[in-house]
1. Quick one: which residue in Ile362, Ile350 is of a type in the set (Val, Ile, Thr), assigned by TED's automatic domain parsing to the domain that holds Ser398 and either within 15 Å of Glu308 (Cβ to Cβ) or in a helix (DSSP H, G or I) (or both)?
2. For segment 236-264, which positions are farther than 15 Å from Arg139 by Cβ and in a strand (DSSP E or B)?
3. Just a yes or no: is a residue in segment 40-47 of a type in the set (D, E, K, R) and either at pLDDT below 90 or crowded, with 17+ Cβ neighbours inside 10 Å (or both)?
4. Inside segment 297-324, can you point out the residues that are of a type outside the set (Val, Ile, Thr), within 14 Å of Leu256 (Cα to Cα), free of Cβ contacts under 8 Å to residues at least 60 places away in the same chain and outside any strand (DSSP E or B)?
5. For segment 228-254, which positions are modelled with pLDDT of 90 or more, crowded, with 18+ Cβ neighbours inside 10 Å and either of a type in the set (A, V, I, L, M) or not assigned by TED's automatic domain parsing to the domain that holds Met137 (or both)?
6. Which residue pairs have Cβ atoms closer than 8 Å, lie 6 or more positions apart in sequence or on different chains, and pair a first residue in segment 190-204 that is more than 11 Å from Glu171 (Cα to Cα) with a second residue that is of a type in the set (Asp, Glu)?
7. Determine if segment 15-24 includes at least one residue that is modelled with pLDDT under 90, in the same structural domain as Leu111 (by TED's automatic domain parsing), of a type outside the set (S, T, N, Q) and outside any loop (DSSP other than H, G, I, E, B).
8. Give the number of residues within segment 189-203 that are under 24 Å from Val228 (Cα atoms), surrounded by fewer than 22 Cβ atoms within 10 Å (Cβ to Cβ) and not polar (S, T, N, Q).
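The values are calculated or read from the model by the stated rules, or taken from the named source; none is laboratory data. These figures come from a predicted structure and were not determined experimentally. Heads up, the Cβs are rebuilt from the backbone with ideal geometry, glycines too, and the neighbour counts pull from every protein chain shown.
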Amino acid sequence: MRFKLKILYHYLSLILKRKFTSREMLHAFQVKQMKLYQKRVLPKSTFYKQYEKLKISNWREIPLISKTEFMAAFDKINTCNIKLKEALELAIQSEQIRDFKSEINGITVGLSTGTSGKRGIFLVSENERAKWVALVMQRVIKVNPFKRQKVAFFLRANSNLYSSVNSALFEFKYFDIFKSKLDLLVELDSFQPDILASQPSYLIEISKAQLNKQIQISPTQIISFAEVLDDADKKFIQQTFQIKLDEVYQCTEGFLGCTCKFGNMHLNEDLVYVEKEWIDDTRFYPIITDFSRNSQPILRYKLNDILEVKNEPCACGSPFICINKIIGREDDVLDFNGIKIYPDLLSRKISLHTDNFIRYTIVQSSVSHLNIGIECPIDDFAFSCESFEACISSYFTSLGINQYTLSFKNQIELIEGQKLRKIKRLNYEN
């Protein structure tokens with residue numbers, strides 16, 4: 001009962017207290033929250049205690065931190081006196097036995113590999129779980145007070161954080177994507193979800209099953225998360241179910257953003273302060289300070305994601321930063337001897353040139369070679385290869401790239417349980 005009251009408290013606070021009509025009002029709120037954070041949280045962190053008396057205007061003096069450094073300093077950063085070795089052993093054991101109710105002294109422990117493949121441990125207190133549920137209810141899930149809605153949640157690993165959604169309003173069911181796809185589809189068809197939440201690569205599989213009449217479900221809301229959502233995939237999923245797709249920007253480092261009713265992604269700036277390391281006029285690397293988390297402080301944490309800002313104001317009226325697109329990670333950017341190709345631009349060129357595929361992957365394995373996997377009927381494969389080759393040739397020529405080779409496969413290589421990155425660059429020797 002105490003946990004539910006916490007959810008209600010945070011939910012009402014979001015609805016009644018946090019109404020921002022301008023960037024100035026938002027900034028004043030952020031400054032206040034950061035001062036409270038500095039006073040109440042930083043003294044509890046051995047790593048960040050040295051900055052407890054630093055003026056807010058001088059916070060840029062705090063060194064940037066990356067995932068590697070963050071994990072190396074895990075023991076000193078967290079305020080719960082939890083050791084990385086202990087947390088990692090518990091999280092790995094939970095993964096192995098597929099039981100995700102892992103806690104240490106009431107603190108939820110979760111394991112994340114993200115799209116980088118590198119392990120990350122996140123800690124969440126009971127109060128932070130309640131706050132997360134309230135945010136999801138207020139900004140993501142469409143609450144129906146007259147019906148207990150069924151939520152089908154597809155992911156590699158469950159967590160107390162996610163299952164906290166289970167309540168009188170929502171029946172939460174976790175679908176373990178390590179299980180057989182056929183078994184999951186049978187289970188999903190039997191469950192008949194009102195809300196379907198999954199990474200885009202699995203939403204594609206569910207959409208194909210729906211079109212092939214393997215399943216017949218009628219969700220009233222579909223939520224995409226965990227992977228970059230490609231425009232072509234979004235179109236396919238929306239056409240299959242005839243509803244608008246909602247998107248959540250959630251990672252180990254926090255609940256960073258979600259789409260508004262007009263379909264535009266906004267960063268949750270009432271939870272995080274976002275600095276921008278600009279790449280060009282529209283693209284930047286986000287550097288986040290999360291003043292909503294106490295158990296695991298996040299200060300000036302540089303993400304490897306590349307975001308593209310939308311300069312036009314959103315019709316919803318929110319002053320929060322509006323993101324045109326989550327482009328991907330730094331190593332999703334292809335590089336041909338210094339000529340960079342951003343994944344969203346390449347995928348846009350391909351979608352304009354051809355739609356003769358179900359999905360594809362493009363992997364740069366050397367300074368001049370691309371491995372392209374195309375999932376399509378075998379009779380269409382030769383034509384699809386020609387279309388891709390013509391599109392890439394035209395685009396590369398316009399950029400001055402003349403030395404390159406392509407290889408094609410009639411399949412997508414998916415590693416079970418891992419997130420799909422449609423376009424990526426491998427580490428290779430020049």
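1. Details: Ile362 fails: either within 15 Å of Glu308 (Cβ to Cβ) or in a helix (DSSP H, G or I) (or both).
Going through Ile362, Ile350 in turn, the sole match is Ile350.
2. Leu245, Cys251
3. As a first pass, look at segment 40-47 and keep what is of a type in the set (D, E, K, R): 40, 44.
Going one step further and asking which of them are either at pLDDT below 90 or crowded, with 17+ Cβ neighbours inside 10 Å (or both), we end up with none.
Within segment 40-47 (the criterion being of a type in the set (D, E, K, R) and either at pLDDT below 90 or crowded, with 17+ Cβ neighbours inside 10 Å (or both)), the answer is no, since none of the residues qualifies.
4. Leu303
5. Ile237, Leu245, Val248
6. These pairs meet every condition: Gln199/Glu227; Pro200/Glu227; Pro200/Asp230; Pro200/Asp233; Ser201/Glu227; Leu203/Asp233; Ile204/Asp233.
7. Our first condition is that a residue be modelled with pLDDT under 90; within segment 15-24, this holds for 15-21.
Next cut, in the same structural domain as Leu111 (by TED's automatic domain parsing) only: 15-21.
Of the ones still in play, those that are also of a type outside the set (S, T, N, Q) are 15-20.
From the residues that got through so far, the ones that are outside any loop (DSSP other than H, G, I, E, B) too are 15-16.
Yes, the conditions are met somewhere in segment 15-24.
8. Matching residues across segment 189-203 total 1.
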